[in-house]
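Everything below concerns the one structure shown next.
The values are calculated or read from the model by the stated rules, or taken from the named source; none is laboratory data. Here the structure is a predicted model, which is why all the values come from computation and not from measurement. Here Cβ is always computed from backbone atoms with ideal geometry, including for glycine, and neighbour counts include all displayed protein chains. Only protein heavy atoms, including side chains, enter the accessible area calculation; ligands, DNA and RNA are left aside. Shrake-Rupley method; radii C 1.70, N 1.55, O 1.52, S 1.80 Å.
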Amino acid sequence: QRVISRQGGALFKNFYNMSCNKDFIVFLADNELGISGIYAYVFSGGNLLKIISQKDKINKQSVRSFFLTKNALQGNKLYFQAILNNNQKVTYLATLLYQSF
């Protein structure tokens, strides 16, 4: 059975590797075109945010894949890894800030 949700005009096809706390749920997802990304859902505002996707560049390199562990989200800090197309493995820390307007 396929679960889908709309994000930026594309449908999510697969969801996997999530991490959550009282404020956010962060997860990896593939859209219907097969493009992977990391997304955050904000509980307080009900908003879905893109953190990063394979369409984005890191150090001028395209991303081949992402890794997200169950404890990747600690407070508003998100730790994730990416494998770039040049086979470089990078680890990042993102701070999730969201203010509703």
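Go through the stretch 51-88 and give me each residue that's within 19 Å of F24 (Cβ to Cβ) and either of a type in the set (A, V, I, L, M) or open to solvent by 90 Å² or more (accessible area, probe 1.4 Å) (or both).
The initial filter retains those residues of the stretch 51-88 that are within 19 Å of F24 (Cβ to Cβ), namely 51-53, 66-81.
Within the stretch 51-88, I51, I52, F67, L68, K70, N71, A72, L73, Q74, L78, Y79 meet the criteria.
One residue stands out in the stretch 56-101 among those that are under 12 Å from the mean Cα position of the chain (by Cα) and in a loop (DSSP other than H, G, I, E, B): the one that is modelled with the lowest pLDDT, namely L96.
Pairs are defined by a Cβ separation below 9 Å, a sequence spacing of at least 6 or placement on different chains, a first member in the stretch 81-101 that is farther than 30 Å from G46 by Cβ, and a second member that is open to solvent by 60 Å² or more (accessible area, probe 1.4 Å) and at pLDDT below 90; the pairs so defined are L84/N59; N86/N59; Q88/N59; V90/N59.
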